[in-house]
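Visitor: Okay, here's the structure, questions in a sec.
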Amino acid sequence: MPQNLPPKPVIVDTSKSEYTRLCPVPLTDVSLKDSFWLPRLRDLREVTLPSQYQQLEETGRIDNFRRAAGGLDQPFEGWFFNDSDVYKWVEAVAWTLATRDDPDLKGMLNEVVSAIEAAQDENGYLNTYFTFEQVEERWTNLKDMHELYCAGHLTQAAIAHYRSTGEDRLLAVATKFADHICGIFGPEDRGKRSGTGGHPEIEMALVELARTTGERKYLDQAAFFLDMRGRGHLGGEAYNQDHLPFRDLIRMEGHAVRAVYLNAGATDLYAEAGEKALWETLERLWVNTTARQMYISGGVGSRYEGESFGEDYELPNKDAYAETCAAIANVMWNWRMLLLTGEARFADVLETAMYNAVMVGLGLGGKSYFYRNPLAGEGDHQRQAWYQCACCPPNIARMLASLPGYFYSLSEEGIWAHLYAEGSAALELLDGRKVELHQRSGYPWDGVIEVEVQGEGEWGLFMRVPAWSEAEWSLAINGESISKVEKEKGYLRIQRSWNRGDEVRLELPMSVSMMESHPKVSENAGRVALMRGPLLYCLEGVDHPGVDLDEILLPSDTIFTTAFHPELLNGVVTIQAQGTTRPKGRVWDDQLYRPVASLSKDQTVEMTAVPYYAWGNRDAGQMQVWIQRGDRIY
């Protein structure tokens, strides 16, 4: 059971991890008051979580627990891994209640937790699919049946519930199940069973359980499951990360969500043990992912087949898979890498994925979703209210609910600011001193960040300079421009003796950037994408009636203008530019090939780009991220 300390609602607790540089900040210490994230957190509480609860009820997912407890005489409903959707919802509600009380949500949560408690077997086992008819099949097909995966999500939900509410009733359920698992799996010479789960998740859950309870056996169990990979227990398939031992991996392969979850678990293990081979593998995989296998949105997993990573530079647009869950996994992995190192490159990927690849998965109304996230389309890909395989909706809910915990970290040197938004933070330094930060900013629409410090004494304030603004930032303290400041791995280190009321002003100019792909991303040859600050932009057909978006051309000397539209897509900055397009009537007809003709003067077209995360919230139609550039010949 938990150590004798009051719980704090932190996402990943590295406060006692020997091989990490940064410690987490509780969600309750950060209050967001901005126009971007605060409305989304409100919608999460008022719309998303209640509507998801209704979906969980209507699809029988919660009834499966009531059935397992003997309260319902009816068949099991849905997929064999449906328990995990309930657990992710529980985690999302727990993190939400940590920052704001809500009697209605609390009532729903207590009802679900009671159903989970009642469904557990006396020996600790808990999986509603295997409760009655399939009892003899327990633990017989780790490759496909997701028992360990569901156990991992139960554990993470239980830890969030404990840290947010102080109640240990669900944690007791998860701990009892984890003890059951530890009693079954382990070295064969100790009379246990070899094997590991086809869908990684249990690894990071067990590490966090060890951090919560102080029990070393859960850490050892996580290491055992990692070490069992690449030994043929799962058929030797890359899809299940069984093709090679983890420490021999050189690139990401197989099912994207599974692969990145496994990396997150391995990062947690490194944080506790400091094994050099683990770090070398994680660094190798991170470099290959970000340099060869990641979309400009921060999404990963390009192939429909197996929801998997493709070859290096295989990043199709219209046929992109880029599952929302994979983007969430990318945030989780980079957060852990950031905690290890304090290096801004990990926060850069986290921010890119969060704003673009994650948030695109949730509709602006708070109850419609994308499962996969292409970067081009013809209007046939639309948001849905739910999915039969509903892993993404409650996953994005738990990610959004935990968001305040990603803004700051602490170290012995001081406070680290990773993300920016209007709001405040009441922090306790590692030496016990209390400091408040009040941040004023219009981020992500505006790059001016003003931080008022309410605290005294000497310590460092580390402010991230995003990669997109690395050469153009400016800094002032109490109105005085600072030209010389130590920069440490992407963070400005402001080391000084602070007085109450000191003000720091960081300016990150937000010009529109034309981005290009590596030449080996063949589908993007001769095309550009538009970014402004952390946000990726796209064209939508609804803004360009009668125009084929794939025919729009942006000259290299295009002049961009921007404007904020409070009435559009819940309030967005749009990018306007004058492009060109093929004159009407100049068509190819039935010709597939023809001789190159002379240059033709195209017709001008007024182009409007909107943030990629907001696409698909209006009329169905074309969408395009990568736009043709330069002169075109016919």
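The values are calculated or read from the model by the stated rules, or taken from the named source; none is laboratory data. Remember, predicted model here, so these are calculated numbers, not experimental data. All Cβ positions, even for glycine, are placed from backbone atoms using ideal geometry, and neighbour counts span all protein chains on display.
Visitor: What number of residues within the stretch 416-439 are assigned to a strand (DSSP E or B), closer than 24 Å to Tyr19 by Cα and more than 23 Å from the chain's Cα centre (by Cα)?
Guide: The number of residues fulfilling the criteria is 2.
Visitor: Which of the residues that make up the stretch 142-180 are among the acidic types (Asp, Glu) and closer than 11 Å to Leu126 by Cβ?
Guide: Glu147 - this is the single residue of the stretch 142-180 that is among the acidic types (Asp, Glu) and closer than 11 Å to Leu126 by Cβ.
Visitor: In the stretch 50-78, what count of residues is obtained for those that are on the phi < 0 side of the Ramachandran plot and either surrounded by 17 or more Cβ atoms within 10 Å (Cβ to Cβ) or touching a residue at least 40 places away in the same chain (Cβ under 8 Å) (or both)?
Guide: So the count comes out to 18.
Visitor: Restricting to the stretch 106-128, give me the number of residues that are under 28 Å from the mean Cα position of the chain (by Cα), crowded, with 21+ Cβ neighbours inside 10 Å and not polar (S, T, N, Q).
Guide: The qualifying residues number 6.
One line per residue, one yes/no per condition, for (1) over 26 Å from Ala357 (Cα atoms); (2) in contact with a Phe, Trp or Tyr (Cβ under 8 Å, 6 or more places away or on another chain):
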| residue | (1), (2) |
| --- | --- |
| Glu486 | yes, no |
| Ile494 | yes, yes |
| Trp498 | yes, yes |
| Val504 | yes, no |
| Glu516 | no, no |
| Gly526 | no, no |
| Leu530 | no, yes |
| Gly546 | yes, no |
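Visitor: Another question, then. Kindly evaluate Phe76 against the criterion of being aromatic (Phe, Trp, Tyr) and assigned to a loop (DSSP other than H, G, I, E, B).
Guide: yes
Visitor: Working carefully through the options Arg163, Arg169, find the one that is touching a Lys or Arg at 6+ places or on another chain (Cβ under 7 Å), touching a residue at least 24 places away in the same chain (Cβ under 8 Å) and not aliphatic (A, V, I, L, M).
Guide: Details: Arg169 fails: touching a Lys or Arg at 6+ places or on another chain (Cβ under 7 Å).
On inspection, the qualifying residue turns out to be Arg163.
Visitor: What is the residue count in the stretch 356-383 for residues that are buried (at least 23 other Cβ atoms within 10 Å of the Cβ) and either part of a helix (DSSP H, G or I) or among the basic types (Lys, Arg) (or both)?
Guide: The number of residues fulfilling the criteria is 6.
Visitor: If Gly298 satisfies all but one of (1) assigned to a helix (DSSP H, G or I); (2) at positive phi, what's the number of the condition it fails?
Guide: The failed condition is (1).
Visitor: Same structure again: Go through the stretch 31-72 and report how many residues are out of contact with any Asp or Glu (no Cβ under 8 Å at 6 or more places or on another chain), within 17 Å of Ala390 (Cα to Cα) and of a type in the set (Ser, Thr, Tyr).
Guide: Summing the residues that are out of contact with any Asp or Glu (no Cβ under 8 Å at 6 or more places or on another chain), within 17 Å of Ala390 (Cα to Cα) and of a type in the set (Ser, Thr, Tyr) in the stretch 31-72 gives 3.
Visitor: Condition first: in a loop (DSSP other than H, G, I, E, B), touching a helix residue (DSSP H, G or I) at 6+ places or on another chain (Cβ under 9 Å) and either surrounded by 17 or more Cβ atoms within 10 Å (Cβ to Cβ) or not assigned by TED's automatic domain parsing to the domain that holds Ala614 (or both). Can you find one or more residues in the stretch 440-449 that meet it?
Guide: Yes: the stretch 440-449 contains one or more residues that are in a loop (DSSP other than H, G, I, E, B), touching a helix residue (DSSP H, G or I) at 6+ places or on another chain (Cβ under 9 Å) and either surrounded by 17 or more Cβ atoms within 10 Å (Cβ to Cβ) or not assigned by TED's automatic domain parsing to the domain that holds Ala614 (or both).
Visitor: Residue pairs, Cβ under 7 Å, 6 or more apart or interchain, first in the stretch 599-622 and outside the structural domain of His565 (by TED's automatic domain parsing) and closer than 13 Å to Gly546 by Cα, second of a type outside the set (Gly, Ala, Ser) and modelled with pLDDT of 95 or more. List them.
Guide: Qualifying pairs under 7 Å: none.
Visitor: Further question: Of everything in the stretch 79-105 that's in contact (Cβ under 8 Å) with a residue 40 or more places away in the chain and outside any helix (DSSP H, G or I), which residue is surrounded by the most Cβ atoms within 10 Å (Cβ to Cβ)?
Guide: Once the filter is applied, the top-ranked residue is Asn82.
Visitor: Within the group Asn373, Asn334, Asn356, which residue is under 24 Å from Arg527 (Cβ atoms), within 12 Å of the chain's Cα centre (by Cα) and at pLDDT 95 or above?
Guide: Asn356
Visitor: Kindly list, by first and then second residue, each pair from a residue in the stretch 259-280 that is free of Cβ contacts under 8 Å to residues at least 12 places away in the same chain and more than 10 Å from Met337 (Cα to Cα) to a residue that is crowded, with 20+ Cβ neighbours inside 10 Å and of a type outside the set (Lys, Arg), limited to pairs with Cβ atoms under 8 Å and residues at least 6 apart or on different chains.
Guide: Glu275/Leu269
Visitor: Looking only at the stretch 231-249, decide whether some residue is in contact (Cβ under 8 Å) with a residue 24 or more places away in the chain, aliphatic (A, V, I, L, M) and out of contact with any Gly (no Cβ under 6 Å at 6 or more places or on another chain).
Guide: Within the stretch 231-249, one or more residues are in contact (Cβ under 8 Å) with a residue 24 or more places away in the chain, aliphatic (A, V, I, L, M) and out of contact with any Gly (no Cβ under 6 Å at 6 or more places or on another chain).
Visitor: Do you know which of the residues in the stretch 448-472 that are touching a strand residue (DSSP E or B) at 6+ places or on another chain (Cβ under 6 Å) and of a type in the set (Gly, Ala, Ser) is nearest to Val485 (Cα to Cα)?
Guide: Ranking the candidates gives Gly460 first.
Visitor: Answer yes if at least one residue in the stretch 60-67 is assigned to a loop (DSSP other than H, G, I, E, B) and either small (Gly, Ala, Ser) or modelled with pLDDT of 95 or more (or both), and no otherwise.
Guide: There is at least one residue in the stretch 60-67 that is assigned to a loop (DSSP other than H, G, I, E, B) and either small (Gly, Ala, Ser) or modelled with pLDDT of 95 or more (or both).
Visitor: Further, regarding this structure: Residues Ser302, Ser297: which one is hydroxyl-bearing (Ser, Thr, Tyr), more than 23 Å from Glu201 (Cα to Cα) and out of contact with any His (no Cβ under 9 Å at 6 or more places or on another chain)?
Guide: So the residue among Ser302, Ser297 that is hydroxyl-bearing (Ser, Thr, Tyr), more than 23 Å from Glu201 (Cα to Cα) and out of contact with any His (no Cβ under 9 Å at 6 or more places or on another chain) is Ser297.
Visitor: Just checking, which of Leu126, Leu142 is in a loop (DSSP other than H, G, I, E, B), more than 22 Å from Ser31 (Cα to Cα) and free of Cβ contacts under 8 Å to residues at least 60 places away in the same chain?
Guide: Values: Leu142 fails: free of Cβ contacts under 8 Å to residues at least 60 places away in the same chain.
Selected residue: Leu126, the only one of Leu126, Leu142 that is in a loop (DSSP other than H, G, I, E, B), more than 22 Å from Ser31 (Cα to Cα) and free of Cβ contacts under 8 Å to residues at least 60 places away in the same chain.
Visitor: Now a separate question. With (1) at pLDDT below 95; (2) crowded, with 22+ Cβ neighbours inside 10 Å as the list, and Ala327 as the residue in question, which single condition is left unmet?
Guide: Single failed check for Ala327: (1).
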